[in-house]
């Protein structure tokens, strides 16, 4: 594809559910986790592929990915995006990176 035909990179908000894998860095008693990520890509599919690949390299076990679209998509659906969240999105775009912004471990109920 020519340079003039290339799409511009955007940042997508993704929530990735991960299972357990040796060396994943999750608490011992956790059964998995949800990771809030900001990932750059020309489309959401590319952002998902890159995120899954990077998490696998980090010894994580991605199970499911839910996409929430770009910042513009999210703002159209609801409240304004907080400044600290927007800063992480801008960093992901500038660095063409995947940023894991939050990790929420899951635990079995007693």
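Each row is one residue, and each column tells you yes or no for (1) crowded, with 17+ Cβ neighbours inside 10 Å; (2) farther than 18 Å from residue 96 by Cβ.
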site: 42; (1), (2): no, no
site: 47; (1), (2): yes, no
site: 56; (1), (2): no, yes
site: 64; (1), (2): no, yes
site: 78; (1), (2): no, yes
site: 81; (1), (2): no, yes
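Which residue is farthest from the chain's Cα centre (by Cα), if the candidates are limited to region 53-74 and must be closer than 23 Å to residue 93 by Cβ and assigned to a strand (DSSP E or B)?
In this case the residue turns out to be 62.
Which numbered condition trips up residue 96, out of (1) at positive phi; (2) crowded, with 18+ Cβ neighbours inside 10 Å?
Single failed check for residue 96: (2).
Can you tell me which residue among 50, 87 is more than 27 Å from residue 20 (Cα to Cα) and either assigned to a strand (DSSP E or B) or at pLDDT 95 or above (or both)?
87
The values are calculated or read from the model by the stated rules, or taken from the named source; none is laboratory data. Remember, it's a predicted structure, so these values are computed and weren't measured experimentally. All Cβ positions, glycine included, derive from the backbone under ideal geometry; neighbour counts span all protein chains shown.
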